[in-house]
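Below you'll find the structure, written out as structure tokens, and then a few comments.
The values are calculated or read from the model by the stated rules, or taken from the named source; none is laboratory data. Because the structure is predicted, anything quoted here is derived from the model rather than measured. Glycine gets a Cβ as well: all are built from the backbone with ideal geometry, and neighbour counts include every protein chain shown. SASA here: full protein model, heavy atoms, side chains in, ligands and nucleic acids out. Shrake-Rupley method; radii C 1.70, N 1.55, O 1.52, S 1.80 Å.
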Amino acid sequence: MNALTIVAGILVIVIILLALYIAFLQRQLRSINRQLSKRLTEHTRQPIRLELLSRELNTLAIHINKCLKAEEALRLKSIREEKNFKELIANISHDLRTPLTAIKGYQQLLENSDLSADQQKKLHIAQKHADELGRLIEHFFEYSYLLNTEPEPHIERINLTNLVAECLAASVPTLEQNNLAVQFEETTPIFVLADREMVTRIIQNLIRNCVQHSIGDIEVRVLAADKAVISFRNLVNNASVIDVKRLFDRFYTGDKARSNSTGLGLSIVRLLAEQMGGSTGVSLQDGFLEIRVELPL
């Protein structure tokens, strides 16, 4: 009987010790979770610390801290690279504008001189390419400006339906020149709280994107759900090679054969939309590409 009592006592002690050890482990794990949660929500950079000693948990905390330190180093490196890249974009756009201005100046001097018909034809071709280069450089300049200055939007109540119609009307000569027709669904006026100049720029870039890449008529809609939606839908060539996940990435061009695009137009659309509290989306189905911009009602 005494032996059984001793064994029972030992078992009770073991159970109590195991319970205390499990409680200790749970306490340490809760502490680690709290510290990780604090790093995520409060953006602190404090390393993980343990209150009590445990070789296994200490090893775990050391490995976690090493991973966090490596992640922080990568984040800082990415921030530095992004800053350098923004400066590079700004410098390139500025440096390219100066020689282009000189080129256009000399072209104007040549245009006013005594040239043969063949020379005039060649000059007009050169001027056409210089104008196209100017538009590309302006894209660089605008993108660098939006990245580096983050201008404060002037929010006002805008009739989005009318603004889209006005931008489409202003683009009719360009659309006709490229043999493109626009199907614009008339709706009741939809109003948004946004910056008029920014929204105009968004619509113009969406139109330009359609002109560059559409192989058929363009469908334009203005809808209202939780937010106002501007939708541009058109048939595209080589739909299978377009990566819709990258369509708003800077310098991404779905059609590599086209050399008259910087791949910045849709990136600018996304930047402008986000600066006004909006968002962008894209879908590709049966060869039809739809680009959507959402803005606050």
*Just for region 36-58: of the residues that are at pLDDT below 80 and polar (S, T, N, Q), which one is farthest from Ala73 (Cα to Cα)?*
Ser54
*Working carefully through the options Asn2, Asn58, Asn91, Asn33, find the one that is of a type in the set (S, T, N, Q) and surrounded by fewer than 10 Cβ atoms within 10 Å (Cβ to Cβ).*
Asn2
*Would you check which residues across region 68-88 are surrounded by 11 or more Cβ atoms within 10 Å (Cβ to Cβ), within 15 Å of Arg39 (Cβ to Cβ) and out of contact with any Lys or Arg (no Cβ under 7 Å at 6 or more places or on another chain) and list them?*
Leu68, Lys69
*Inspect region 123-132 for any residue being open to solvent by 80 Å² or more (accessible area, probe 1.4 Å), β-branched (Val, Ile, Thr), more than 29 Å from the chain's Cα centre (by Cα) and modelled with pLDDT of 80 or more and give the result as yes or no.*
yes
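Here's the yes/no breakdown for (1) under 17 Å from Gly278 (Cβ atoms); (2) within 21 Å of the chain's Cα centre (by Cα); (3) open to solvent by less than 20 Å² (accessible area, probe 1.4 Å):
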{"residue": "Pro173", "(1), (2), (3)": "no, no, no"}
{"residue": "Val192", "(1), (2), (3)": "yes, no, yes"}
{"residue": "Arg196", "(1), (2), (3)": "yes, yes, no"}
{"residue": "Ile202", "(1), (2), (3)": "yes, yes, yes"}
{"residue": "Val211", "(1), (2), (3)": "no, no, no"}
*Provide a single number: the residues in region 84-140 that are closer than 23 Å to Arg201 by Cα and among the hydroxyl-bearing types (Ser, Thr, Tyr).*
1
*Pick out the one residue from Glu156, Glu185 that is surrounded by fewer than 16 Cβ atoms within 10 Å (Cβ to Cβ), over 18 Å from Gly265 (Cβ atoms) and in contact with a helix residue (DSSP H, G or I) (Cβ under 7 Å, 6 or more places away or on another chain).*
Glu156
_Subset tally (residues that are in contact (Cβ under 8 Å) with a residue 24 or more places away in the chain and surrounded by fewer than 18 Cβ atoms within 10 Å (Cβ to Cβ)) for region 280-291_ = 6
